[in-house]
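**Q** Take this structure, written in structure tokens, and hold onto it; I'll ask about it next.
The values are calculated or read from the model by the stated rules, or taken from the named source; none is laboratory data. Keep in mind it's a predicted model, so treat the numbers as computed, not measured. No Cβ is skipped: glycine too gets one built from the backbone with ideal geometry, and neighbour counts run over all protein chains shown.
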Amino acid sequence: MNYDSSVLSVRYPDDTRHLQSEIEGTDICEIGRSFLGSALSQSYVGIYFLEHYVEAKRFQYVVEFGSHAGAVSLYLANSAAVSQRFYFDTYELYPQWSWYAGSDDHEWEVSDLYGWKGWNGCGPWFEQLSKISPFINFHHADGLSSESIDHVVGNISDKKTFLFCDGGNKVDEFNTYAPLIKKGDCIAVHDWDTEIFEHQIQDVCDEHSLQPDGHWAEHHYKLGTGIMPFVKV
């Protein structure tokens with residue numbers, strides 16, 4: 001059969017300078033690339049870190065706060081669905097800004113930060129995946145609402161858990177959920193030392209026995225992932 005070219009998206013990014021340049025090894029450490037056809041607010045090495053971290057720790061429940069355009073959400077969702085080893089929830093309070101960017105019934109676009117303007121959000125495709133797999137779900141809700149907290153806590157109780165704080169208020173996300181996880185569970189923040197700092201969470205860590213997660217925490221400095229994981233001991 002002949003494929004219909006009229007249905008193809010023409011929404012390639014307006015700024016393609018980073019795609020024209022020579023590929024270098026250092027590119028994997030830069031934020032502002034694309035991944036799976038959508039804007040990526042992590043670096044490629046951040047994806048690599050998450051792959052190893054989730055696999056090595058054998059988590060059974062993974063939660064992302066702050067879906068944004070959904071590239072990392074889509075990666076974690078596919079990992080959950082393919083492996084069937086863990087459940088994945090992602091929370092986004094403002095899906096109209098980036099999650100649905102480029103879909104037929106939404107006129108919003110991914111922000112122009114990093115030259116992202118023109119990239120599609122993952123929302124419509126993620127919705128289809130969630131219909132196929134019982135291991136993934138998305139929530140257009142405030143991850144700090146009582147309903148969201150009840151849902152997450154209800155799943156933490158009997159599953160080894162990893163919470164990933166990457167929403168609009170990482171400090172509140174960490175300080176709210178860190179006391180609720182159990183011994184052996186992990187919680188990580190993105191944009192460490194740029195949007196969230198040690199002194200903002202130190203009291204909670206001291207009170208609830210959380211510490212940087214060994215050599216995994218060192219990857220923030222060695223590889224520049226921007227991700228700082230903590231484990232409850």
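**Q** Just one of 84, 96, 20 is under 30 Å from residue 149 (Cα atoms) and at pLDDT below 90; which is it?
**A** Values: 84 fails: at pLDDT below 90; 20 fails: under 30 Å from residue 149 (Cα atoms).
When all the criteria are applied, what remains is 96.
**Q** Scan the stretch 23-41 residue by residue and report those that are modelled with pLDDT under 80 and over 15 Å from residue 71 (Cα atoms).
**A** 23, 24, 25, 26, 27
**Q** Quick one: which of 44, 91, 75, 48 is modelled with pLDDT of 80 or more, touching a Lys or Arg at 6+ places or on another chain (Cβ under 8 Å) and either surrounded by 19 or more Cβ atoms within 10 Å (Cβ to Cβ) or within 30 Å of residue 218 (Cα to Cα) (or both)? Break it down stepwise before answering.
**A** On the way: 91 fails: touching a Lys or Arg at 6+ places or on another chain (Cβ under 8 Å); 75 fails: touching a Lys or Arg at 6+ places or on another chain (Cβ under 8 Å); 48 fails: touching a Lys or Arg at 6+ places or on another chain (Cβ under 8 Å).
Of the residues listed, the single one that is modelled with pLDDT of 80 or more, touching a Lys or Arg at 6+ places or on another chain (Cβ under 8 Å) and either surrounded by 19 or more Cβ atoms within 10 Å (Cβ to Cβ) or within 30 Å of residue 218 (Cα to Cα) (or both) is 44.
**Q** What helices (runs of 4 or more DSSP H), lying completely within the stretch 114-233, carry at least 2 residues that are acidic (Asp, Glu)?
**A** On the way: elements: 123-132, 146-156, 170-177, 198-207, 214-223.
Of the helices (runs of 4 or more DSSP H) lying wholly inside the stretch 114-233, those with at least 2 residues that are acidic (Asp, Glu) span 146-156, 170-177, 198-207.
**Q** Which pairs do you get when a residue that is small (Gly, Ala, Ser), found in the stretch 145-163, comes within reach of a residue that is in a loop (DSSP other than H, G, I, E, B), reach meaning Cβ atoms under 6 angstrom, with the pair 6+ apart or on two chains?
**A** Once the first residue is small (Gly, Ala, Ser) and sits in the stretch 145-163, its partners that are in a loop (DSSP other than H, G, I, E, B) give 148/141.
**Q** On to the next question. Would you check if residue 187 is touching a strand residue (DSSP E or B) at 6+ places or on another chain (Cβ under 7 Å), surrounded by 22 or more Cβ atoms within 10 Å (Cβ to Cβ) and of a type in the set (A, V, I, L, M)? Spell out how you get there, then give the answer.
**A** Numbers: touching a strand residue (DSSP E or B) at 6+ places or on another chain (Cβ under 7 Å): yes; surrounded by 22 or more Cβ atoms within 10 Å (Cβ to Cβ): yes; of a type in the set (A, V, I, L, M): yes.
Taking the combined requirement at face value, the residue satisfies it.
**Q** What is the one condition in (1) out of contact with any Asp or Glu (no Cβ under 8 Å at 6 or more places or on another chain); (2) at pLDDT below 85 that residue 102 does not satisfy?
**A** Against the list (1) out of contact with any Asp or Glu (no Cβ under 8 Å at 6 or more places or on another chain); (2) at pLDDT below 85, residue 102 comes up short only on (1).
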